[in-house]
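**Student:** Before anything else, here's the structure in question.
The values are calculated or read from the model by the stated rules, or taken from the named source; none is laboratory data. Remember, predicted model here, so these are calculated numbers, not experimental data. Here the Cβ is made from the backbone with ideal geometry for all residues, glycine too, and neighbour counts use every protein chain on show.
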Amino acid sequence: MQLLVLVQDYPSESNKYAMNYVHTRNLEYIRDQVEVNVLSFNTKESYTYEGINVLSYDDFFNQYNGDNIHLVISHAPNLRNHIRFLLNKKIVYRQVLFFIHGHEVMKKSKYYPQQYDFIQTSSMKNVANNLYDSLKLTYLKGFITKLFNQNKLKIIFVSEWMKDVFLENIKIPESILDKNSYIISNTMNQVFLEKTYLPIDNKRADFITIRPLDTSKYGVDLVVKLAEKHPDLTFHIYGKGKYFEYREKPENIEVFQEFLTPNDLAELLNHYHCAVMPTRLDAQGVMMCEIATYGMPIVTSDLPICKEMLGSFDNVFFMNNENVNIDLHSVLTEIKPIETTKELKQKFSLENTTLKELNVVKALLK
C-alpha cells in the first residue's frame, strides 16, 4: 500500500462536513496520481466518496496482508485510535507524517474557553478529561521522540501559532522539531480561490455568520452583542444548535439551522455586505480564511492566530472579544473595492498550501 491516511471521521453522502479539510487534500493527491486509501475510525462500513476509498477499521485488517505501507498520514493523531494503530505490531510502515490541527496537542482546560452554561458537564468528566490530556501529552512526547530518533516521522503544522502551542505542551527541543517539521496552512475549497465576491443589490441582511451555535469558541454570543449594539443593522446566522433556546435572540438576528456546501456558501455570501466570524480559539480558521480570500469584507477576532492568517488582508476588520467595541457602521463604509482582492488569492492558493505538502508527501514516498 502506497499511502494510508488516518482520520477520526471523513466526509460521506450523509455527512459532507466531517473533516472536509482532509478530503480536499486527498483529492489533490489523487489528481497527482498518488494512490490514497483512508482509514476512518468512526465509520462502520467501507465506502467510496468522490473517488476516495474509505475503509472501516475491521475492513482494513480484513484486507491488509502485512505488506509494507510506504507512508501513513495521521490527521490530528489521538491516543485512542491513531497511536494505538501505529503501535500495532501487525502494521508495517516506513514513514509517518503527522498533521497537527489543534486539540491533539493541547490541554483543553488551559486553552479552550469555558463552555456555555447550558452545556452540562459533570465535575467527574472534567477530572477525567484533564487526566486524559495529561496522559496524552506525556505519551505523545515519548512516541514522537522515538519516531524522530528512528528518522520515521515528519510533522506539518497549519500555522506558526500551532507550532508554538506544540512546543509549549510537548516540549521537544526546538532544534530537533525544526529539522523534522514544516508550517503549511490548510488549503481551502477551490470555489473561494476561483471565484470572487460579487455583491448583489438585493441584500438578505447586512451581516452573515456561519458558526455552530453551541460551541463557545466560535462566539455566537459575541455576534449577539454586536447585534445588540447595532439595532439598526441586520444579522443572519447559519448553523445548528440550541443556543437561542437558552438565550434571548435580538429582533435583528435571524437563525437558519443549516450548513451549506462550499459552492452554495460562496453564492450565498454575495447576498450580504459583510461576514462576522468571531473565534476564541483556532489553529487557522479555514472558513474565515476562505471568506477573506473570496474577497468579502469580514470581521473576526483580534487574536494572534487571526493576525497571522489575515493580517495582510485589506478586507479584514479585527475586533476585541472582551468588549466588542468595533463600529460596524464604519466597517460598512470602509469596505475595500473588490478589484483589490485578486492579490489576496495567493496566500492560500494551491501552490502555497496543498502542493507544498504534496511535495513533502512525495518525498516521503520515495
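**Student:** I'd like the full set of residues that are over 22 Å from C306 (Cα atoms) and part of a helix (DSSP H, G or I), limited to the stretch 186-226. Steps first, please.
**Tutor:** From the stretch 186-226, those over 22 Å from C306 (Cα atoms) are 194-195, 198-206; that's our starting set.
Residue satisfying the conditions is E194 alone.
**Student:** Sort out which residues of the stretch 1-57 are in contact (Cβ under 8 Å) with a residue 60 or more places away in the chain, within 21 Å of F85 (Cα to Cα) and either of a type outside the set (V, I, T) or surrounded by fewer than 16 Cβ atoms within 10 Å (Cβ to Cβ) (or both), and write them in order of number.
**Tutor:** Selection gives M1, Q2, L3, L4, L6, Q8.
**Student:** If I338 passes every condition in (1) at pLDDT below 95; (2) within 30 Å of H75 (Cα to Cα) but one, which one does it miss?
**Tutor:** Unmet for I338, out of (1) at pLDDT below 95; (2) within 30 Å of H75 (Cα to Cα): (2).
**Student:** Also, quick follow-up: Which of the residues that make up the stretch 153-185 are in a loop (DSSP other than H, G, I, E, B), of a type in the set (A, V, I, L, M) and in contact (Cβ under 8 Å) with a residue 60 or more places away in the chain? Let's see the steps before the verdict.
**Tutor:** Pass one, the stretch 153-185, residues in a loop (DSSP other than H, G, I, E, B): 158-159, 171-173, 180, 184-185.
From what's left, of a type in the set (A, V, I, L, M): 158, 172, 184.
V158, I184 - these are the residues of the stretch 153-185 that are in a loop (DSSP other than H, G, I, E, B), of a type in the set (A, V, I, L, M) and in contact (Cβ under 8 Å) with a residue 60 or more places away in the chain.
**Student:** Any residue that is closer than 29 Å to L344 by Cα, surrounded by 16 or more Cβ atoms within 10 Å (Cβ to Cβ) and within 23 Å of the chain's Cα centre (by Cα) - is there at least one of those in the stretch 167-180? Walk me through it before giving the result.
**Tutor:** Our first condition is that a residue be closer than 29 Å to L344 by Cα; within the stretch 167-180, this holds for 178.
Checking the rest, the ones that are also surrounded by 16 or more Cβ atoms within 10 Å (Cβ to Cβ) come to none.
No.
**Student:** Something else about it: For the stretch 231-282, what are the residues that are among the small types (G, A, S) and either outside the structural domain of N320 (by TED's automatic domain parsing) or touching a strand residue (DSSP E or B) at 6+ places or on another chain (Cβ under 8 Å) (or both)?
**Tutor:** Residues of the stretch 231-282 that are among the small types (G, A, S), as a first pass: 239, 241, 266, 275.
G239, A275, listed by residue number.
Residue-by-condition table, conditions (1) touching a helix residue (DSSP H, G or I) at 6+ places or on another chain (Cβ under 8 Å); (2) within 30 Å of E160 (Cβ to Cβ); (3) among the hydroxyl-bearing types (S, T, Y):
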{"position": "E245", "(1), (2), (3)": "no, no, no"}
{"position": "F256", "(1), (2), (3)": "no, no, no"}
{"position": "H271", "(1), (2), (3)": "no, no, no"}
{"position": "G285", "(1), (2), (3)": "yes, yes, no"}
{"position": "E290", "(1), (2), (3)": "yes, yes, no"}
{"position": "G295", "(1), (2), (3)": "yes, yes, no"}
{"position": "I298", "(1), (2), (3)": "yes, yes, no"}
{"position": "N323", "(1), (2), (3)": "no, yes, no"}
{"position": "I326", "(1), (2), (3)": "yes, yes, no"}
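**Student:** Something else: What strands (runs of 3 or more DSSP E), lying completely within the stretch 1-118, carry at least 3 residues that are within 20 Å of A363 (Cβ to Cβ) and under 19 Å from the mean Cα position of the chain (by Cα)?
**Tutor:** Working: elements: 3-7, 37-40, 47-49, 52-55, 69-75, 93-100.
Qualifying strands (runs of 3 or more DSSP E): 69-75, 93-100.
**Student:** Report, by residue number, each residue of the stretch 77-135 that is basic (K, R) and under 30 Å from F244 (Cα atoms). Walk me through it before giving the result.
**Tutor:** We begin by selecting, within the stretch 77-135, every residue basic (K, R); these are 80, 84, 89-90, 94, 107-108, 110, 125.
Answer for the stretch 77-135, where residues must be basic (K, R) and under 30 Å from F244 (Cα atoms): K107, K108, K110, K125.
**Student:** Out of all the residues in the stretch 60-79, which are free of Cβ contacts under 8 Å to residues at least 24 places away in the same chain and out of contact with any strand residue (DSSP E or B) (no Cβ under 8 Å at 6 or more places or on another chain)?
**Tutor:** Within the stretch 60-79, N62, N65 qualify.
**Student:** From the list F60, F85, which residue is within 30 Å of P173 (Cβ to Cβ), in the same structural domain as Y17 (by TED's automatic domain parsing), of a type in the set (F, W, Y) and modelled with pLDDT of 95 or more?
**Tutor:** Numbers: F60 fails: within 30 Å of P173 (Cβ to Cβ).
Just one listed residue meets the conditions, F85.
Residue by residue, here is whether (1) buried (at least 24 other Cβ atoms within 10 Å of the Cβ); (2) of a type in the set (S, T, N, Q); (3) within 20 Å of Y197 (Cβ to Cβ); (4) touching a residue at least 40 places away in the same chain (Cβ under 8 Å) holds:
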| position | (1), (2), (3), (4) |
| --- | --- |
| I291 | yes, no, yes, yes |
| Y294 | yes, no, yes, yes |
| P304 | no, no, no, yes |
| D327 | no, no, no, no |
| V331 | no, no, yes, yes |
| L344 | no, no, yes, yes |
| K347 | no, no, yes, yes |
| L355 | no, no, no, yes |
